[in-house]
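The values are calculated or read from the model by the stated rules, or taken from the named source; none is laboratory data. Note that the structure is a prediction, hence the values are computed from the model and not measured. Positions of Cβ are generated from backbone atoms using ideal geometry, with glycine treated the same way; all protein chains shown enter the neighbour counts.
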Amino acid sequence: MLNYVHLTPKRIVEELDKYIIGQDQAKRCVAIALRNRWRRQQISGDIKGEIIPNNIILIGPTGVGKTEIARRISRLTGAPFVKVEASKFTEVGYVGRDVESMVRELMNYAVSQIREMMIEEVRPEAEKNATEMILDILLPRSKKMKQNRVSDNAEYDRYLRSREKMRKKLLSGSLDDKEIEIEPELDTTPNLEILPGPGLELLDLDFTEMLTNIFQGKGASRTIKTTVHTAWKRYIETEINRLISKDKLIETAKNSVEENGIIFIDEIDKIANIDKQGGLDVSRSGVQRDLLPIVEGSKVPTKYGMIDTSHILFIAAGAFHSAKPSDLIPELQGRFPIRVELNSLTKEDFERILIEPENSLTKQYQEMFRSEGVELTFMLSAIREIARFAALANEKMEDIGARRLHTVMNTLLDDFLFEMPSETLKSVKITKKMVTEYLNPVIESEDLSRFIL
Ligand SMILES: Nc1ncnc2c1ncn2[C@@H]1O[C@H](COP(=O)(O)OP(=O)(O)OP(=O)(O)O)[C@@H](O)[C@H]1O
Ligand SMILES: [Mg+2]
């Protein structure tokens with residue numbers, strides 16, 4: 001995650017270039033929109049509220065990088081991000097998801113994101129406190145000491161010395177499996193209410209175990225037996241929950257959503273009115289109408305309070321094969337002032353996509369082969385041949401853009417992927433001849449290619 005100040009449009013494009021080939025116009029627009037948000041945040045006074053986000057519609061066929069661009073910018077900025085499919089929404093009053101759920105989802109995302117950050121902030125202190133709590137159990141203070149009535153300093157010094165010794169042992173891990181008795185920590189449960197999905201996992205609390213322990217404890221005894229290690233972990237969670245202020249968490253998350261949130265609405269063309277039978281598609285324009293106030297800026301109720309959507313950045317995307325952006329209701333069009341077309345990808349693009357991105361397919365497969373002790377290399381001529389086959393398959397069948405590279409590559413390497421690990425296979429060099437021999441029969445046979453590629 002980069003610091004926002006350094007995220008100039010040029011810098012953003014540079015970062016996107018590491019992952020996405022071509023589509024320069026789209027990268028540029030997104031970069032400017034992001035920077036404009038930062039610019040707005042620097043402004044003080046009334047005019048700040050007047051500046052509306054540069055919502056964008058990315059127009060382009062499938063598999064050319066629309067989603068990838070949006071996902072990368074959210075990673076880059078660390079901004080809360082959700083991707084929703086416009087076609088999944090139905091008008092209020094009908095069965096299906098209501099459009100406001102996208103804002104709730106975004107807020108949930110931000111809460112767990114901020115929570116994770118806060119956890120890391122307080123973890124050192126929580127660990128320190130947990131250690132002290134365990135030491136208190138392992139070496140209980142005498143009643144006198146607790147009441148601060150120790151007259152004998154020597155006794156206190158002795159206690160502190162053993163405590164330090166015990167601390168060393170504890171931190172070295174040699175006490176991990178020792179059994180101790182702790183009080184059940186049921187008071188942590190209320191904290192869970194504010195946590196969405198991922199947050200729950202973070203807590204890593206074993207409730208079943210806790211409950212069993214409690215019920216097995218014969219009435220009077222309110223302690224549970226466990227190991228030092230488990231108790232330590234449990235105390236850390238308790239302390240983390242105690243140290244994180246719920247109010248601050250929600251406030252920070254809300255701010256992050258309202259100032260930096262990004263909502264990616266995929267398949268926006270699916271809710272455009274295609275006026276086939278001379279009548280409007282009521283349900284589709286209904287969804288658009290529901291969408292409008294959110295994009296225009298309104299307050300959406302969530303379990304964390306009202307979220308103002310005025311400055312959330314909306315990036316919509318669609319293939320717009322039959323529908324056009326002008327088929328959207330005019331008010332909605334007005335809220336997406338920036339339209340960018342993404343190009344379909346050529347054979348030359350495929351060559352670059354195979355090699356250049358930091359996460360390119362060839363690099364991914366090289367790593368996978370390496371995990372089996374096999375060195376995988378590609379001749380440049382082989383890469384060209386793979387790109388040629390991918391372009392050809394897109395032409396012969398359906399154009400699925402760069403996604404075709406995945407199927408082609410997988411078909412090509414299938415035998416190796418099955419053979420590994422192998423005593424005799426230590427390196428694989430993919431040549432042009434191999435690519436042609438593997439892929440030609442597949443592409444030649446209509447049936448084969450339809451199912452495999
Ligand atoms: N221009 C590109 N450069 C590098 N990789 C790309 C490019 N376009 C697509 N890809 C890769 O192809 C896959 C699909 O891309 P993406 O999800 O962005 O498609 P999309 O344009 O959103 O398509 P759809 O309309 O089907 O949602 C991803 O793995 C992505 O990394
Ligand atoms: Mg997509």
Note to self: Residue under question is S322, and the condition is that it be modelled with pLDDT of 95 or more, polar (S, T, N, Q) and either outside the structural domain of F264 (by TED's automatic domain parsing) or more than 16 Å from ligand 2 (Cβ to nearest atom) (or both); does it hold?
What the structure shows: no
Margin query: Cβ contacts < 7 Å: first residue in contact (Cβ under 8 Å) with a residue 40 or more places away in the chain and assigned by TED's automatic domain parsing to the domain that holds W232, restricted to region 160-173; second residue among the hydroxyl-bearing types (S, T, Y) and surrounded by 14 or more Cβ atoms within 10 Å (Cβ to Cβ), any location; separation 6+ or different chain. Result?
Written below: L170/T131
Next item on the list: Determine whether region 300-311 contains at least one residue that is within 30 Å of S422 (Cβ to Cβ) and either touching a Pro at 6+ places or on another chain (Cβ under 7 Å) or within 16 Å of ligand 1 (Cβ to nearest atom) (or both).
Entry: no
Checklist line | Among the residues listed as I307, I315, the single one being more than 16 Å from ligand 2 (Cβ to nearest atom) and hydrophobic (A, V, I, L, M, F, W, C) | finding: I307
Checklist line | Meets criteria (small (G, A, S), in contact (Cβ under 8 Å) with a residue 24 or more places away in the chain and either within 16 Å of ligand 2 (Cβ to nearest atom) or at positive phi (or both)) for G60 | finding: yes
Checklist line | Pick from region 46-72, criterion of a type outside the set (V, I, T) and away from ligand 1 (no atom under 16 Å from the Cβ), ranking: surrounded by the most Cβ atoms within 10 Å (Cβ to Cβ) | finding: P53
Next item on the list: Check off (1) at pLDDT below 95; (2) closer than 22 Å to Y438 by Cβ; (3) surrounded by fewer than 17 Cβ atoms within 10 Å (Cβ to Cβ) for F389 and give me the number that stays unchecked.
Entry: (3)
Next item on the list: Can you give me the number of residues within region 378-405 that are more than 11 Å from F350 (Cα to Cα) and part of a helix (DSSP H, G or I)?
Entry: 8
Item checked: Those residues of region 397-426 which are away from ligand 1 (no atom under 16 Å from the Cβ) and under 35 Å from the mean Cα position of the chain (by Cα), in sequence order -> T411, L412, L413, D414, D415, F416, L417, F418, E419, M420, P421
Item checked: Matching residues in region 104-149 - criterion: being more than 16 Å from I240 (Cα to Cα), surrounded by 14 or more Cβ atoms within 10 Å (Cβ to Cβ) and small (G, A, S) -> A110
Notebook entry, point to check: Looking only at region 345-360, which residues are surrounded by fewer than 17 Cβ atoms within 10 Å (Cβ to Cβ) and either within 10 Å of ligand 1 (Cβ to nearest atom) or among the aliphatic types (A, V, I, L, M) (or both)?
Noted result: R352, I355, E356, N359
Checklist line | The listed residue being crowded, with 16+ Cβ neighbours inside 10 Å and either at pLDDT below 85 or in a loop (DSSP other than H, G, I, E, B) (or both), out of E15, E91 | finding: E91
Next item on the list: Could you please give the count of residues in region 97-109 that are under 14 Å from M306 (Cα atoms) and in a helix (DSSP H, G or I)?
Entry: 8
Item checked: Count of region 297-333 residues which are more than 26 Å from the chain's Cα centre (by Cα) and under 30 Å from A253 (Cβ atoms) -> 2
Next item on the list: Check off (1) in contact (Cβ under 8 Å) with a residue 40 or more places away in the chain; (2) within 16 Å of ligand 1 (Cβ to nearest atom); (3) surrounded by fewer than 21 Cβ atoms within 10 Å (Cβ to Cβ) for Y4 and give me the number that stays unchecked.
Entry: (2)
